[in-house]
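Down below is the structure, laid out as structure tokens.
The values are calculated or read from the model by the stated rules, or taken from the named source; none is laboratory data. Please read these numbers as outputs of a predicted model, since none were measured by experiment. Methodologically, a virtual Cβ is constructed for each residue, glycine included, from the backbone with ideal geometry; neighbour enumeration extends over all protein chains shown.
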Amino acid sequence: MKNMLVFYTKVVVVFFISAYNFINAQQSSKNVYIIEYEVLEAQQLLIKAGEEKAVESYNNLIKQANKLLNIEGFSVVNKEGVPPSGNKHDYMSIGPYWWPNPETQNGLPYIRKDGEINPETRNNFTANANFLSAVNTLTKAYYYTNENKYADKNLELIQTWFLDADTKMNPNVNYGQYVPGKSEGRCFGIIEFGDITNVLKFLELAKDRNILDKKTEEGMVNWFTDYSNWLKNSKLGKEEATRKNNHGTNYDVQLLSILLYLNRVEEVKAYLSTTTKSRIFSQIEPDGSQPLELARTKSFSYSVMNLHAFLELARLGQKVGVNLWNATSEDGRSIKKGYQYMLPYVTNEKKWEYKQIKDIKHSREKFIADLNKARKLFKEDAFDEVLEQLNQK
């Protein structure tokens, strides 16, 4: 027991040292990174030390990565059907909570069942989710092993999805989450590309290790420049930016991550200091509750999801010198207050009073992981007692 305590103490110390060194390095360099090297370094230390859960997770990761080495790739042009534009290179998906109308012969227009996913919407329409997950797996496998085969596969997948003339995706989500018989595309489809940050992280890692060729780098910079312009200036992009719930929060994460990759740091700082800060105070009540998330049929899950996005924004703020974690309105609204509101429900001191049609296991685990992350990143001690209760320290 004593040896384990010493081991974990060393791990925490290494984490803080690597985080400190990384932050200092970023402050002294021109670019601000999206990838969190300090998190990867801390996990790699656990793997090398033989920590059971870390080794098990690593072995599963490598198994998944090895399977991915044999796949052909992902592309928007492989989907069934054609977007209203007539261009197969435009991304298209159906809103997940929309179902055929039982009152009409042809099932149109589709009707909404909040929180209930229509299996039709999770087939070939959402290859992007599989693609972005694959990029994340291969990135971690490459980082931990330094074996080029994983990076080479990632570059191949990225080339297929973004750059090859025959298979590339156009830089827009004009037809995301469309509703058959009702709309051709909605702003809500943008959230389906929240994990596009996985691509940004790999590109940063590949460049740092000198395996990113100039043509691919320039192509991706051009693609993300065009896509960020679409996010900011298109009708759907502007509409998503004004959403007052988790959609607006996740829009900020996606847009600002891309802008940081493009080295538009001052633009990110200005946005976080105004738009994102206002979003915190408008979405979180003085008691920490989030009314628009509590109104959903998966209220616990959506509350956690939105807080996770705010935590990501606070992390981005930390990278550029904007303190969102401690930002507090005059009446006490803050990201931290949002987390504090959820604590008694996570520890089972209180029973969740709002509608939750799905199991909360995954969301609860995500929430606890976020508490640990906040503790490490912001030296936040407000959650120590709870984390000790949950044996998560």
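Go through the residues of region 16-39 one by one and say whether even a single one is farther than 19 Å from Tyr142 by Cβ and at pLDDT 95 or above. Please lay out each step first, then the result.
Let us first name the residues in region 16-39 that are farther than 19 Å from Tyr142 by Cβ, namely 16-17, 19-21, 23-32.
Still in the list and also at pLDDT 95 or above: none.
No; the residues of region 16-39 include none that is farther than 19 Å from Tyr142 by Cβ and at pLDDT 95 or above.
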- request: Please name all residue pairs, on different chains or six or more residues apart, with Cβ atoms under 7 Å, provided the first residue is in region 372-383 and is in the same structural domain as Gly317 (by TED's automatic domain parsing) and the second residue is crowded, with 18+ Cβ neighbours inside 10 Å and assigned to a loop (DSSP other than H, G, I, E, B).
  value: Ala374/Phe383; Arg375/Phe383; Phe378/Trp325
message: I need the full set of residues from region 40-80 which are among the charged types (D, E, K, R) and not in a helix (DSSP H, G or I), in order please.
response: Glu51, Glu72, Lys79, Glu80
query: When only residues in region 92-114 that are at pLDDT 95 or above and under 22 Å from the mean Cα position of the chain (by Cα) count, which is nearest to Gln159 (Cα to Cα)?
result: Tyr97
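How many residues are assigned to a helix (DSSP H, G or I) and not hydrophobic (A, V, I, L, M, F, W, C) if we restrict to region 172-219?
Filtering region 172-219 for residues assigned to a helix (DSSP H, G or I) gives 187-208, 214-219.
If we keep only those that are not hydrophobic (A, V, I, L, M, F, W, C) as well, we get 189, 192, 194-195, 197-198, 201, 204, 207-208, 214-219.
Residues in region 172-219 being assigned to a helix (DSSP H, G or I) and not hydrophobic (A, V, I, L, M, F, W, C): 16 in total.
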field: The one condition in (1) under 19 Å from the mean Cα position of the chain (by Cα); (2) farther than 24 Å from Ser257 by Cα that Phe383 fails to fulfil
entry: (1)
statement: Those helices (runs of 4 or more DSSP H) completely within region 258-325 that have 3 or more residues that are more than 19 Å from the chain's Cα centre (by Cα) are 265-271, 277-283, 291-294
message: Filter region 291-307 down to the residues that are touching a Phe, Trp or Tyr at 6+ places or on another chain (Cβ under 8 Å) and of a type outside the set (Gly, Ala, Ser) and list them by number.
response: Glu293, Leu294, Arg296, Phe300, Val304, Leu307
message: Against the conditions (1) free of Cβ contacts under 8 Å to residues at least 60 places away in the same chain; (2) closer than 30 Å to Pro96 by Cβ; (3) in a helix (DSSP H, G or I), where does Lys351 fall short? Just the number, please.
response: (3)
field: Complete set of residues in region 230-257 that are in a helix (DSSP H, G or I), of a type in the set (S, T, N, Q) and touching a residue at least 40 places away in the same chain (Cβ under 8 Å)
entry: Asn246, Thr249, Asn250, Gln254, Ser257
query: What are the residues in region 201-246 that are surrounded by 21 or more Cβ atoms within 10 Å (Cβ to Cβ) and either at pLDDT below 95 or under 18 Å from the mean Cα position of the chain (by Cα) (or both), if any?
result: Lys201, Phe202, Leu203, Leu205, Phe224, Tyr227, Ser228, Leu231, Gly237, Glu240, Asn246
query: Can you name the residue in region 46-97 that is touching a residue at least 12 places away in the same chain (Cβ under 8 Å), β-branched (Val, Ile, Thr) and more than 18 Å from Ser183 (Cβ to Cβ) and, of all such residues, is surrounded by the fewest Cβ atoms within 10 Å (Cβ to Cβ)?
result: Ile71
Subset of region 81-109 [part of a loop (DSSP other than H, G, I, E, B) and among the polar types (S, T, N, Q)]: Ser85, Asn87, Asn101, Thr104, Gln105, Asn106
message: Quick test for you: out of Asn128, Asn124, Asn148, pick the one residue that is at pLDDT below 95, among the polar types (S, T, N, Q) and either out of contact with any Phe, Trp or Tyr (no Cβ under 7 Å at 6 or more places or on another chain) or not assigned by TED's automatic domain parsing to the domain that holds Lys232 (or both).
response: Asn124
- request: Consider Arg264 carefully, then state whether it is basic (Lys, Arg), in the same structural domain as Ser301 (by TED's automatic domain parsing) and at pLDDT 95 or above.
  value: yes
query: Which of the residues that make up region 35-82 are over 30 Å from Asn170 (Cβ atoms) and polar (S, T, N, Q)?
result: Gln43, Gln44, Ser57, Asn59, Asn60, Asn66
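Is at least one residue of region 40-47 touching a His at 6+ places or on another chain (Cβ under 9 Å) and either of a type in the set (A, V, I, L, M, F, W, C) or not assigned by TED's automatic domain parsing to the domain that holds Thr139 (or both)? It would help to see each step written out before you state the result.
To start, the set of residues in region 40-47 that are touching a His at 6+ places or on another chain (Cβ under 9 Å) comprises none.
Within region 40-47 (the criterion being touching a His at 6+ places or on another chain (Cβ under 9 Å) and either of a type in the set (A, V, I, L, M, F, W, C) or not assigned by TED's automatic domain parsing to the domain that holds Thr139 (or both)), the answer is no, since none of the residues qualifies.
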